[in-house]
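> Below you will find the structure I want to go over with you.
The values are calculated or read from the model by the stated rules, or taken from the named source; none is laboratory data. Just so you know, these numbers come straight off a predicted model, no measurement behind them. Counting neighbours? That spans all protein chains shown, and the Cβs are built from the backbone with ideal geometry, glycine included. Surface accessibility is based on the protein's heavy atoms, side chains included, excluding ligands, DNA and RNA. Shrake-Rupley method; radii C 1.70, N 1.55, O 1.52, S 1.80 Å.
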Amino acid sequence: MANVITGKTVADRQARTGYLFVLPTCLYVVVIFFIPAGYTIVLSVFSWTIRGFGRFVGLESYLELLNDPLFLKSVGNSLLFALMSVPATLLFGMLAALAFQSRVALPLRNIFKPTYFMPIVISLVAVAFVWKWMFNPSIGLLNTILRTLGLREQGWLNDTAQVLPSLSIMYVWA
């Protein structure tokens with residue numbers, strides 16, 4: 001029922017209360033994301049000197065960047081990394097979810113659960129050290145296994161052709 005004096009309804013007060021609850025989060029997003037993003041765009045259209053702002057260059061810096069072969073190679077490497085990592089992460093995540101929720105008694109299920117959640121508990125620095133050891137070309141676990149099987153050792157992180165797949169394996173696991 002509407003309040004005759006103020007013309008406000010209960011729904012109006014509830015909506016205002018809801019907006020007040022959301023306001024701190026909106027302010028946080030503006031301060032943490034939108035203001036720095038806008039400032040970055042402003043900075044990117046000026047040339048810089050040690051003394052500060054230089055002259056306005058517009059999109060010249062972006063055009064220079066798009067013509068840089070090293071930048072284009074890094075964009076290609078990033079896309080290749082994403083193409084290797086994202087589908088594998090989704091696939092293994094879905095398989096893990098199905099294994100955890102399965103009503104069928106899966107073998108080694110009690111070992112699989114802690115192994116799956118280990119990267120969440122372990123520090124990423126420790127994970128990086130473990131994988132660095134595993135990928136080590138001379139004393140690493142993976143090359144030791146390959147030698148034992150009579151297969152050729154791999155360069156893993158030392159070979160430019162194997163760096164992205166090796167990092168993708170580590171990323172998917174972590």
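> Hey, Gly38 hits all of (1) touching a strand residue (DSSP E or B) at 6+ places or on another chain (Cβ under 9 Å); (2) open to solvent by less than 80 Å² (accessible area, probe 1.4 Å) but one; which does it fall short on?
Status for Gly38: all satisfied but (1).
Residues checked against (1) touching a Pro at 6+ places or on another chain (Cβ under 8 Å); (2) surrounded by 10 or more Cβ atoms within 10 Å (Cβ to Cβ):
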| residue | (1), (2) |
| --- | --- |
| Ala96 | no, yes |
| Ala99 | no, yes |
| Asn110 | no, no |
| Val127 | yes, yes |
| Arg152 | no, no |
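> Can you spot a residue in the range 92-107 that is touching a residue at least 60 places away in the same chain (Cβ under 8 Å), part of a helix (DSSP H, G or I) and either touching a helix residue (DSSP H, G or I) at 6+ places or on another chain (Cβ under 9 Å) or not hydrophobic (A, V, I, L, M, F, W, C) (or both)?
yes
> Then there is this: Scan the range 42-59 and give yes if some residue there is assigned to a helix (DSSP H, G or I), at pLDDT 90 or above, open to solvent by 90 Å² or more (accessible area, probe 1.4 Å) and of a type in the set (A, V, I, L, M, F, W, C), otherwise no.
In the first step, residues of the range 42-59 are kept if they are assigned to a helix (DSSP H, G or I); the result is 42-44.
Imposing the further condition that a residue be at pLDDT 90 or above reduces the set to none.
Checked against the condition, which is being assigned to a helix (DSSP H, G or I), at pLDDT 90 or above, open to solvent by 90 Å² or more (accessible area, probe 1.4 Å) and of a type in the set (A, V, I, L, M, F, W, C), the range 42-59 yields no hits at all.
> Considering every residue within the range 71-88, establish whether at least one is of a type in the set (D, E, K, R) and either over 30 Å from Leu167 (Cα atoms) or exposed (fewer than 10 other Cβ atoms within 10 Å of the Cβ) (or both).
No, there is no match, as no residue in the range 71-88 is of a type in the set (D, E, K, R) and either over 30 Å from Leu167 (Cα atoms) or exposed (fewer than 10 other Cβ atoms within 10 Å of the Cβ) (or both).
> In addition: I'd like the residue in the range 129-150 that is without any contact (Cβ under 8 Å) to a residue 24 or more places away in the chain and open to solvent by less than 40 Å² (accessible area, probe 1.4 Å) and, out of all such residues, is nearest to the chain's Cα centre (by Cα).
Among those that are without any contact (Cβ under 8 Å) to a residue 24 or more places away in the chain and open to solvent by less than 40 Å² (accessible area, probe 1.4 Å), it is Met134.
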